[in-house]
Amino acid sequence: MKKAAFALCSVLLALSGIAGTLTMATEATFPPYEFLCGQEIVGIDVEICRAVARKLGKAFRAENMDFDSVIPAVISGKADIAASGITITEDRRKNVDFSIPYVTTGIVVIYRKADPYKNADQLKGKKIGVQSGTTSDAYVLETLKQEPERFKSTPEACAAMLAGRCEFVIADIDPAKNCVQGETSLALSGFLSSESYAVAVAKGRQDLLAAVNDTIAAVKADGRLAKWIADYTAESGRLKEKGSASAASVQSPSWLATAWQSLRDDFYLCFLKPAGDGTPRGMYLVRGLGVTLHVALAAILLGLFIGFIVAVVRASHDKYGYFPFLSTVSKIYLTIIRGTPMVVQLLITYYIILRTVDSKVLIAILAFGINSGAYQAEILRAGILSIDPGQMEAGRALGLSYWRTMLKIILPQAVRNVLPALGNEFIVLMKDTSIVGYIALIDLAKGGDIIRSQTYSVYLPYLTVAAIYLVLVMTFTWLLGKLERHLRNTGADPVRNDS
Ligand code: GLN
């Protein structure tokens, strides 16, 4: 009893997030302030926040998310502090409190040397790539009075520019420098604005704000900040360097040999080159695949469990008028889940319902399982309704209870009848999990995206990710076909056995 109470308390404590951890919200494609070094988020902002945690005597954790979610994360309490190269603006000041500034910087234009940038007039009416929700976004909207092309990160905007999808990119100078490093066709303009970065905390958290201000003042005064800036600028630059698969950069006359060499170089860069923590970049895909399988399989099982219950309740109500209350609850569940988009359900689960739950895998499993349960329920209900009512009557006449007849006679036949439709739902679910990147979970799709953002190479990461999904789905379809044949040929069909 005591043990159970203790376990319950620990779970509640963990859920309520008061376990003494300072959580930092950030967007880790912004070198040298925050970037991924293997699986770990590192950078100047991370060091500042870690120093704050140390001052408060708390453990420290950095959460990676989209830039436009960083400030909402502190407002909603999902994170304690936000540090993501955040510029102090009057609009943002209405929603959060800012610390004293720690860096003065600004935004610049990234342009193609073939189409040099001269002045802001030249930008009017052009396709300009920006990171969504940033001051560059606001500059295009408010100063140039036009809609920018919005991307999730500056590297993504640059990749789009290199692929010819936009003509200019506007970004903060440091990540912009990182983007043009090694890209001989690109260059940077002078500053378009002057901005200051600060750490954001929720309004009213005066103690926390004071601790952040003291820390920033201290790291500025004792030279730590200057050292972090120098170290992380060098480190992020090293990560960007393009390696080569072989020392022999062949000067081959044949285009085939050149293409082969460039494919090998690209392969090395995307999958074999260490991502910063010493492990090859390809590990993003391997670990991501693990997450995809984990989330998809657990969600399928949870969905099946929910689906069975809801289907039996609904079918029993439709046929025999049983469970009126549960049937109404099930109908409301089906309406809400099937009436709203999956990605919105995932975000609501993450930001609102399970706000204090740390495990993103658990959040994803619950969101996808609950969503899939609704679809599986309807498929299974159709299966149950397809079974002749005489089967239930026969079972009852033999003295079996309602539930036993349902479990032993009706459901096995129902499942066999709807197996192809269920299989289809599993496949859709498996591919749908590729949106977990919205809650910053690194699955297979997001793993490919990270490789793309670090290497600026689009073909290999995306095509490889697509190929892995294809293999997964084909394997699954094959297994399902085997199961179907097995059920057809064995005694899983009471009707056939009886006849
Ligand atoms: N400094 C810019 C802003 O605050 C961009 C920050 C970022 O992209 N991480 O809007």
Compute the angle between helix 283-320 and the longest alpha-carbon principal axis of the chain, please, reported from 0 to 90 degrees and rounded to the nearest 10. 40 degrees
Could you order the peptides 194-207, 469-482, 130-143 from most to least packed, using the average number of other C-beta atoms within 10 Å per residue? 130-143, 194-207, 469-482
For the pairs LYS113/LYS273; LYS408/LYS482; LYS78/LYS203, note any where the Cα-Cα span goes beyond 19 Å. LYS113/LYS273; LYS408/LYS482
Residue-normalised accessible area of the chain, expressed per residue, 1.4 Å probe, Å²: 47 Å²
Rg in Å to one decimal, and Dmax rounded to a whole Å, for the chain via C-alpha atoms: 27.6, 89
Once both labels are modelled 7 Å past Cα along the beta-carbon direction, what's the LYS431-ILE88 spacing in nm? 5.0 nm
Helix 459-489 axis, angle to the chain major axis (alpha carbon atoms, nearest 10°): 10 degrees
Please sort 144-153, 296-305 by packing, taking for each peptide the average over its residues of neighbouring beta carbons within 10 angstrom, highest first. 296-305, 144-153
Rounded to the nearest 10, the angle in degrees between the Cα long axis of helix 67-76 and the longest principal axis of the Cα atoms of the chain comes to 70 degrees
Taking LYS431 as the anchor, which lysines have their alpha carbon closer than 17 Å to its alpha carbon, excluding any fewer than eight residues away along the same chain? LYS446
Cα centroid distance between segment 460-480 and segment 40-85, in Å? 36 Å
Of all DSSP beta bridges in the chain, antiparallel share, percent nearest 5: 65 percent
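The values are calculated or read from the model by the stated rules, or taken from the named source; none is laboratory data. Note that this is a predicted model, so its numbers are computed, not measured. All Cβ positions, glycine included, derive from the backbone under ideal geometry; neighbour counts span all protein chains shown. Only protein heavy atoms, including side chains, enter the accessible area calculation; ligands, DNA and RNA are left aside. Shrake-Rupley method; radii C 1.70, N 1.55, O 1.52, S 1.80 Å.
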